[in-house]
Each structure stands twice: as C-alpha cells, then as structure tokens.
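Below is one structure, written out as structure tokens, with a few remarks after it.
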Amino acid sequence: AKEPVAASSSESWFVNFGSYGQRGLADYWADKLRPTAGRVIVASSSKDGRAIYRVRVVELANRDAAENVARALEKQHGLSKLWVGKQ
C-alpha cells in the first residue's frame, strides 16, 4: 500500500475578512487592512447571479498562522469570529 502523500507546499491558508456587493467597498477594506502575515487580496465571485467581492488575507503557512491573523484582525476592527480556510 502507498503511504499518504504529504500536504503540498503549494497549499496555503487564508482568512476571509468580509464579502461585499460593491467592488469599491471591498477595495476600501483591502487597502485599510494591515495583517501581521500574508497578503490582502480581493477575490471576485458570484452568488445567485450577483457579483461578490471577498476580502481575504492569503498565503498563510498553516492553520495556526491563519488563526493568529484572524484573531488580530477581529481585535483591531471589533469583529466577531472570522473564518479561515485552506486554498
């Protein structure tokens, strides 16, 4: 039997800061954020036929790094729990 393959180094974690219906609002937050790690992006998508723009901190090395960035952003901006995920 083959051994399980280790996680690829190309996998990274992200923090979803928010989702907005207007690109300008997403860009505003993307410019305002100063995370302790990673890079801020605006990712375009659609839901129910409407454009949405997700502000995310990407390129985080692991779940702990993502959780640390999320907790720091929550504290800085008075937010409830932000969610983290793997790309």
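Read-outs: derived from the displayed coordinates by stated rules, not from any lab. What you see is a predicted model, and the numbers here were worked out from it, not measured in a lab.
Here are the numbers:
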| quantity | calculated |
| --- | --- |
| Cα gyration tensor, the stretch 43-87 - rounded (a/c under 1.5), prolate or oblate | oblate |
| Rh (Kirkwood; distinct C-alpha pairs) - the stretch 8-87, Å | 12.8 |
| Cut-off under 5 Å, modelled amide H: who pairs with residue 18 long-range | 55 |
| Whole-Å distance, taken between Cα centres, linking the stretch 10-40 and the stretch 61-87 | 11 |
| Sum of -39500 (n - 2.57) over DSSP H runs of 4+, divided by residues of the chain (222 nm, nearest 500) | -9000 deg cm²/dmol |
| Vicinal HN-Hα couplings computed from phi for the stretch 21-33 (Karplus, 6.51 cos²θ - 1.76 cosθ + 1.60; Hz; Gly/Pro x) | x, 10, 4, x, 5, 4, 5, 4, 5, 4, 6, 7, 6 |
| Most fluctuating residue given options 28, 53, 20, as computed from a GNM of the chain linking Cα atoms under 10 Å | 28 |
